[in-house]
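Scroll down for the structure; my scribbles are underneath it.
Each value in this text was obtained by applying a stated rule to the coordinates, not by laboratory testing. These figures come from a predicted structure and were not determined experimentally.
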C-alpha cells in the first residue's frame, strides 16, 4: 500500500513539472536515469505517468528521435575538439556510443542503410538459355573472297 502512495506521488509530481519540461530535457540528450534523479521518481512512476495521457507516448518517442539528432550533432563537437591520444580514445568511445544510441532510437535516419539482397544464379540462367536456343543451320556459300579481289584489281 505504501508503494502505491509513493508511485502516485511521483506521477503527481511529474504532472506538476509538465511534459513539455520533461520532453525538453530528453530532447537535449538527458537520459531517463538523469530525469529520474532530477525529479526523484523511479522507472515505474515515469512509465505510469507516460501512459496516463493519450498521445503522451507519441510525444515521448518524438522527443527521443529529436535527442538522436542532438547527439548526432554533438558527435561533430567531440570529433573537432583538440585532444591528446588518451583523450582521443575516450572521444572515440563517446562518438561510438552516440552513434549506436542514435541508430537505435531513430534507425530510419541514423541506422545503417541496408541495401536489398539480390541473388542471381547464373547457372540456372545459362541452362534456361541453352534450352531456348534454336539451332540454325547455315549453308556454306561458294563465294570466294579472293575472286572478288581479283575482279576489282582488273579494272
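Brief remarks on what is shown
- Taking N as its residue count, the alpha carbon Rg of the stretch 39-92 over 2.2 N^0.38 Å: 1.73
- The shape of the stretch 66-110 can be summarised by an equivalent ellipsoid whose semi-axes, obtained from the alpha carbon gyration tensor, come to 22, 10, 6 Å from longest to shortest.
- Rh by Kirkwood over Cα pairs, then Stokes-Einstein D for the stretch 2-110 at 0.890 mPa s and 25 °C, µm²/s: 160 µm²/s
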